[in-house]
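Reading through the structure tokens given below for one structure.
The values are calculated or read from the model by the stated rules, or taken from the named source; none is laboratory data. The structure displayed is predicted, hence computed values, not measured ones. Cβ placement follows ideal geometry from the backbone for every residue including glycine, while neighbour counts extend to all protein chains displayed. Ligands, DNA and RNA are excluded from the accessible area calculation, which covers all protein heavy atoms including side chains. Shrake-Rupley method; radii C 1.70, N 1.55, O 1.52, S 1.80 Å.
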Amino acid sequence: MSLSVKPATPCTFPTTTRPAKHVSVRCCTLTQTAVRPLKMSLDTHQPAVKSWEHLLDPLDYDPMASLFTSRAVKLGNKWKEYLGVKNWEGLLDPLDENLRGEILRYGSFVEAAYRSFNFDSSSSSYGACRYPKSTLLARSGLHQTGYRLTRHLRATSGIRLPRWVEMAPNWVATKSSWIGYVAVCQDKEEIARLGRRDVVIALRGTATGLEWLENFRATLTPVPNADTKPTHHDDGDGDYSEPMVETGFLSLYTSGTDEVPSLQEMVREEISRLLQTYGDQPLSLTITGHSLGAALATLTAYDIKTTFKRAPMVTVMSFGGPRVGNRSFRCQLEKQGTKVLRIVNSDDLITKVPGFVLEEEDADVPKDQNVYVAGLPSWIQKRVEDTQWVYAEVGRELKLRSRSCPYLKNINVATCHDLKTYLHLVNYS
């Protein structure tokens, strides 16, 4: 099916720093001077992937066949800037072309995780990875990336279910499932282009019934083995709080069984091995995920920096991620030097849950201070915070909007959250 293009009708994206000016973008022009296609092809023998988070197709084309990345530009000494060492200052508005390419490149690793997952609930291997490490990237549509898979990753739900659930369908009873992978850049030319050896952890979004249930366990819970020194909220009453994160996300990260270690254990074991192997080289750890995978990516980054005191630069690039933790958790992320770039579609409801935020998005307000909502008495705010439903946004935000682009079809809750929508918007923002 051919793609219908209306070249005379550009999308406009209003900017926050220049309110009187708009940036015009031709959303369905499939060639740009600043970018080149990834070397990708589709495996025509693959069955159609069916995902609860890919309910409706938002695009008329396959993103794995038309993704773009930056030209083969040698990032050199600037690679840390693209991973957020300066918090992406001057790179987000307008979006720097090299950063655009890096975001799309990491997004393609997440799309490969979706394509590699067995969504067929009638299959005996439901919830497993469809491909071995040696061919996963190629068979999921990514060729010549320069990366090699070193570890499959699984996530396990900590929810205890009655025994009769074992008789239920696979999508209900599956407790542990494949959620992503670790890959290391091994190609000498790509290492030279990137300016360092890169380790990628890519995590898919929600797929199984128990993962959905974990998503709804939205109250905050303390982070185990967190820094025992509490974060002081400068509200004048000597109040302290400890780092807390969403209960369900923490459960999926730390739970394991006698047969399957937890995602946390697998990540720690693999990162320890890789640091021993490549620790004397320029190295970066880039953790990327979509939806649930975005939340787990943030927890993974926090855990790596907490566990490995001499860890290299750790960056999270998340797509459509929900909120993860409270203000103290955010402060700990910043204190340890973890960099987080949240790619957010303002029309995506998932990015606005769970809980709520009692603070202003104001660059002039220190992020470790309590900000009172106008007209809300302090004692009421204190009671609200005690409910363990008050979250805080982390990192920097690249804000996009699907409704600004007329070439996206089926604009609804599902398509606004779809990873393909995010990659399309990044490509043409």
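Couplings for segment 396-412, taken from phi via the Karplus curve 6.51 cos²θ - 1.76 cosθ + 1.60 with θ = phi - 60°, read 9, 10, 9, 9, 10, 8, 5, 6, 7, 10, x, 8, 8, 9, 6, 6, 8 Hz in order; Gly and Pro are left as x. In terms of overall dimensions, the C-alpha atoms belonging to segment 65-162 reach 52, 33, 24 Å along their principal axes, ordered largest to smallest. Net charge dipole, segment 74-222: roughly 540 debye, given to the nearest 20, about the Cα centre with Cβ charges of +1 for Lys and Arg and -1 for Asp and Glu.
How do the peptides 103-111, 167-175 rank, highest first, by the average count of neighbouring beta carbon atoms within 10 Å per residue? Present the calculation step by step, with values, prior to reporting the outcome.
On the way: 103-111: 24.4, 167-175: 16.0.
Per-residue Cβ counts within 10 Å, averaged per peptide and sorted highest first, yield 103-111, 167-175.
FRET efficiency for the pair K86 and R273, taken as 1/(1 + (r/R0)^6) with r the Cβ-Cβ distance and R0 = 41 Å, rounds to 0.85.
Pop out the carbon and sulfur fraction of the accessible area of segment 196-345 as a percent, whole number, probe 1.4 Å. Numbers along the way, then the final one.
Numbers: 2470 of 5130 Å².
Roughly 48 percent of what the probe reaches on segment 196-345 is carbon or sulfur.
Only the Cβ atoms of Lys and Arg (+1) and of Asp and Glu (-1) were treated as charged; on that basis the dipole of segment 110-189 about its Cα centre amounts to roughly 240 debye. Just list whichever of K80/K335; K86/K133; K133/K352; K133/K399 have alpha carbons separated by over 24 Å in the model shown. K86/K133; K133/K352; K133/K399, as the Cα separations exceed 24 Å there.
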